[in-house]
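The values are calculated or read from the model by the stated rules, or taken from the named source; none is laboratory data. What you see is a predicted model, and the numbers here were worked out from it, not measured in a lab. Here the Cβ positions follow ideal geometry from the backbone for every residue, glycine too, while neighbour counts run over all protein chains shown.
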Amino acid sequence: MSALGGPKQTGGIQPPTGMGLVLSIVLIIVALALAFLLVQMAGVIALVGIIIGGVLIGFGVHFVPVGGAPAAMGQAPGIATGVAMLAAGAGLAGLFGGAWAAPLGLPLALAGGAVGGGLLMAITCTMVNVIYVFGMGIPAASGKVAKDPITGDTFPEYKSQGTEGHGLPFISWVGGVIGGALGGLGGTLIYLELLDIYQAQLPVLLNATVEQIAPVAVSLAGIFAVGMFLMNAVLAAYNITGTIEGPHDPKFKRFPRAVIAAAAASAVAGIFAIALLELVGVF
Amino acid sequence: MSVKIEVGAGGIPHNQILIYGLVGSLVLIYLTYLNTITNTQYFAFFGGLAAVVALLWGTDTIKHLCSYGLGTGVPSAGMIALGSGVVGALFGATTGILAPIVAIIVAAIIGAVAGVLANNVVRMDIPVMIVSLTELAIVGAMTVLGLAAMACGTFEFLGMITGTTVILGFAVQTYEASVIGGSIIAVIFMLGAIAIQHSFNACLGPGEKQDRTLMLAAECGFLSMIPVAIISFAFIAFLPALVALLVSVIGWIYTYVQYIALSKRDAYAWLDAKPILEPKGGA
């Protein structure tokens with residue numbers, strides 16, 4: 001028994017099925033209605049924030065140059081690991097940056113998250129190229145486009161035969177930083193919205209001050225942000241199916257599918273996270 | 001370019017493992033409730049065993065799913081499992097004695113939604129995708145709930161967010177010294193994610209054997225139990241934590257020895273190896 005089938009290898013992009021689209025919209029509306037019923041307007045605002053965060057993550061993942069195993073052998077451009085790992089790294093770094101800046105207000109915290117995620121990807125992309133160029137002795141060359149859209153460097157004369165390109169061209173570096181920043185922004189947004197909900201509910205529930213419940217609220221919001229981040233990142237990874245070079249890759253055009261999926265998945269996971277404290281003490 | 005993922009045929013049918021995994025982890029996690037009934041903490045380690053059983057099931061599910069060739073790495077399946085599972089586990093935990101059952105239901109809902117989105121919106125079009133992601137989300141939830149119950153001796157939310165700390169000789173209730181308040185849940189998340197994604201990732205390829213993969217899954221599960229047992233010294237009494245540590249270490253040594261024996265059985269050109277039979281129809 002080996003590979004039994006797998007995604008159909010047809011040309012072009014398959015649009016989402018009608019059922020998938022309808023289900024996504026229904027799920028989002030039901031989740032928003034539940035959020036309103038359970039936590040009133042604050043719940044709706046939080047859920048909208050979570051959905052936007054999820055969409056930013058799903059969209060941001062498409063910018064990150066993922067090379068996978070072929071990149072490790074210098075046979076494809078990008079960073080030599082999987083989408084889930086890279087997205088998790090960038091998102092968690094962003095989340096830490098944002099969580100650290102959370103007491104300074106929403107705009108600063110979001111900026112902190114974006115800078116954290118972008119910084120991690122900038123360092124990763126730079127060091128990946130240092131290893132490619134000085135360690136493996138290969139130049140950066142994209143296999144998908146002939147010319148770098150930003151610098152205008154040409155690739156075909158540097159591309160080795162039999163490979164899909166190698167190294168990390170400048171456009172992929174820029175894509176990585178944008179992707180990391182969007183992922184960090186999205187993760188931080190989810191974290192902040194959940195933190196607001198828990199900081200409002202936990203003191204009433206446990207009859208304690210906001211300072212006393214802070215560790216619980218921070219930890220819960222953090223772990224849910226991580227969980228939803230990984231769900232959205234993996235759905236985006238399934239959308240990419242393997243490797244992508246960055247925003248210039250033809251696969252980048254698939255992003256609307258991941259955006260819809262991320263919105264619906266975030267809505268469903270988000271409503272459970274928002275409703276978490278409603279059942280404490282009921283049973 | 002994607003790597004062909006090959007899995008071995010034969011072994012225990014997946015549906016049988018599904019039933020054993022579901023019922024086994026549910027029963028084992030409920031055995032930790034003996035702590036509450038008998039007012040001791042000696043039964044905490046059953047939570048870890050529930051996680052091990054769930055991980056065995058999850059590994060077989062990942063094997064089932066990844067044999068279709070996701071185009072992205074095997075670890076992504078483990079990441080989405082724990083990402084959706086942690087939401088289900090913590091939501092379930094708030095429902096008191098019903099916790100494991102509610103966790104299973106909520107995780108199944110989130111997993112099924114992710115599966116439908118992956119198939120109908122992202123257009124993976126993999127027949128087992130919905131069932132597999134549902135199973136994986138339940139596995140993730142049971143792993144998180146089991147390991148959390150092992151760390152603090154209960155699967156109830158209030159037990160997870162409250163702990164005691166000694167200040168100037170007085171035992172004081174605090175939210176900081178708890179499984180969730182101390183962010184131990186994040187450690188548990190990663191311990192579970194690594195355990196679920198590693199075994200099939202390590203064993204896939206020609207000559208993959210189910211018993212060897214599952215033995216590695218059990219080994220990873222017990223390995224994750226060891227840090228949780230050490231963490232549990234902070235939350236439960238010394239002797240129960242010692243029992244949990246002994247169970248984890250003994251379980252790990254046993255499964256490790258067994259796994260090495262199975263690896264030697266399947267390894268080519270091992271000194272004591274028996275000749276390897278070519279798989280029918282070629283590898």
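Things worth noting here:
- For segment B:105-120, taking the residues that are crowded, with 24+ Cβ neighbours inside 10 Å and within 20 Å of residue B:155 (Cα to Cα), the one that is nearest to the other protein chains (Cβ to nearest Cβ) is identified as B:106.
- With respect to the conditions (1) without any contact (Cβ under 8 Å) to a residue 24 or more places away in the chain; (2) within 13 Å of chain A (Cβ to nearest Cβ); (3) assigned to a helix (DSSP H, G or I), residue B:123 falls short on a single one, namely (3).
- Condition check for residue B:89: within 14 Å of another protein chain (Cβ to nearest Cβ) and touching a Gly at 6+ places or on another chain (Cβ under 9 Å): yes
- Counting the residues of segment A:194-252 that are at positive phi, within 11 Å of chain B (Cβ to nearest Cβ) and more than 20 Å from the chain's Cα centre (by Cα) gives 0.
- In segment B:36-57 there is no residue that is within 13 Å of another protein chain (Cβ to nearest Cβ) and touching a residue at least 40 places away in the same chain (Cβ under 8 Å).
- Residues (touching a residue at least 24 places away in the same chain (Cβ under 8 Å), aromatic (Phe, Trp, Tyr) and over 17 Å from residue B:88 (Cβ atoms)) located in segment A:226-264: A:252, A:255
- Residue within segment B:242-249 that is touching a residue at least 24 places away in the same chain (Cβ under 8 Å), over 30 Å from residue B:208 (Cβ atoms) and not hydroxyl-bearing (Ser, Thr, Tyr) present: yes
- Only one of the numbered conditions (1) within 20 Å of residue B:189 (Cα to Cα); (2) within 12 Å of another protein chain (Cβ to nearest Cβ); (3) in contact (Cβ under 8 Å) with a residue 12 or more places away in the chain is violated by residue A:184, and that is (2).
- Qualifying residue in segment B:59-70 (condition: buried (at least 23 other Cβ atoms within 10 Å of the Cβ), in contact with a His (Cβ under 7 Å, 6 or more places away or on another chain), in a helix (DSSP H, G or I) and more than 7 Å from chain A (Cβ to nearest Cβ)): yes
- Set side by side, the residues B:186, B:151 differ, and just one is over 19 Å from residue B:214 (Cα atoms) and crowded, with 24+ Cβ neighbours inside 10 Å, which is B:151.
- Residues located in segment B:203-239, provided they are among the hydrophobic types (A, V, I, L, M, F, W, C) and surrounded by fewer than 16 Cβ atoms within 10 Å (Cβ to Cβ): B:230, B:233, B:237, B:238, B:239
- As a summary of the residue check, residue B:131 satisfies the conditions (1) surrounded by fewer than 24 Cβ atoms within 10 Å (Cβ to Cβ); (2) modelled with pLDDT under 90; (3) under 18 Å from residue B:196 (Cα atoms) except for the one numbered (2).
- Residue B:155 vs. criteria within 29 Å of residue A:235 (Cα to Cα), at pLDDT 85 or above and among the aromatic types (Phe, Trp, Tyr): no
- Within segment A:265-276, residues that are at the interface with chain B (Cβ under 7 Å from one of its Cβ atoms) reach partners that are in a helix (DSSP H, G or I) and hydroxyl-bearing (Ser, Thr, Tyr) with beta carbons closer than 7 Å, at six or more positions or on different chains, in the pairs A:269/B:84.
- Filtered residues of segment A:19-42 (kept if more than 13 Å from chain B (Cβ to nearest Cβ) and under 23 Å from the mean Cα position of the chain (by Cα)): A:29, A:32
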